[in-house]
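Here's the structure we're looking at; comments come further down.
The values are calculated or read from the model by the stated rules, or taken from the named source; none is laboratory data. Note that the structure is a prediction, hence the values are computed from the model and not measured. Methodologically, a virtual Cβ is constructed for each residue, glycine included, from the backbone with ideal geometry; neighbour enumeration extends over all protein chains shown.
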Amino acid sequence: MIFNLLADAEAPNTSWVLYVVLAAVIVLFVVWMFFSNKKGKRRQQEYIEQLEAIQPGHKVKTVGGICGIVVEVCDDNTVIIETGTELSGKSYVKMDKEAIAQTDAKGPTQIAREAEEERRRQEKEAKKNGTPLPVEEAKEEPAEEPAAEEATEEPAEAPEEKE
């Protein structure tokens with residue numbers, strides 16, 4: 001319909017509509033790319049934090065579908081995982097951390113996000129029930145004691161004698 005108006009030779013003043021529509025599409029595309037890129041970066045950062053948080057005892061699933069429990073985290077960015085059971089026989093696989101697709105380890109960003117979601121859920125329930133919000137106990141930090149200055153005795157200077 002818009003293109004029919006543009007093609008109409010009797011309406012030469014409508015040529016600006018094409019430019020407006022084209023500009024709107026370009027702006028929407030740029031905005032969409034910006035927000036999708038930002039979301040991808042946040043996911044990548046959370047993934048990196050999860051890999052850094054992996055410790056022995058965490059459950060992992062690799063890109064290839066191998067499920068197991070981390071037995072050891074090596075210095076060279078690798079982990080050793082234990083697969084199988086005592087009945088079927090256990091096996092150990094050493095692989096790069098980047099081969100891990102899923103883990104139950106949580107990085108600091110994910111922990112903070114989950115705490116914020118829990119707080120919002122509690123606020124929503126309190127508002128729904130009409131009860132006061134649970135008061136978070138203020139973590140009292142011990143007052144810093146003034147640093148005790150070490151008493152260093154300096155030798156007393158001998159009074160100067162006047163001549």
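Would you say Leu22 is more than 22 Å from the chain's Cα centre (by Cα), of a type in the set (A, V, I, L, M), part of a loop (DSSP other than H, G, I, E, B) and loosely packed, with under 15 Cβ neighbours inside 10 Å?
no
Say whether the condition of being in a loop (DSSP other than H, G, I, E, B) and within 20 Å of Gln110 (Cα to Cα) is met by at least one residue in the stretch 57-68.
Within the stretch 57-68, one or more residues are in a loop (DSSP other than H, G, I, E, B) and within 20 Å of Gln110 (Cα to Cα).
This table checks each residue for (1) surrounded by fewer than 10 Cβ atoms within 10 Å (Cβ to Cβ); (2) at pLDDT 90 or above; (3) within 30 Å of Ala99 (Cα to Cα).
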{"residue": "Phe3", "(1), (2), (3)": "no, no, no"}
{"residue": "Ala11", "(1), (2), (3)": "no, no, no"}
{"residue": "Leu18", "(1), (2), (3)": "no, no, no"}
{"residue": "Glu46", "(1), (2), (3)": "no, no, yes"}
{"residue": "Glu49", "(1), (2), (3)": "no, no, yes"}
{"residue": "Gly57", "(1), (2), (3)": "no, yes, yes"}
{"residue": "Val63", "(1), (2), (3)": "no, yes, yes"}
{"residue": "Glu82", "(1), (2), (3)": "no, yes, yes"}
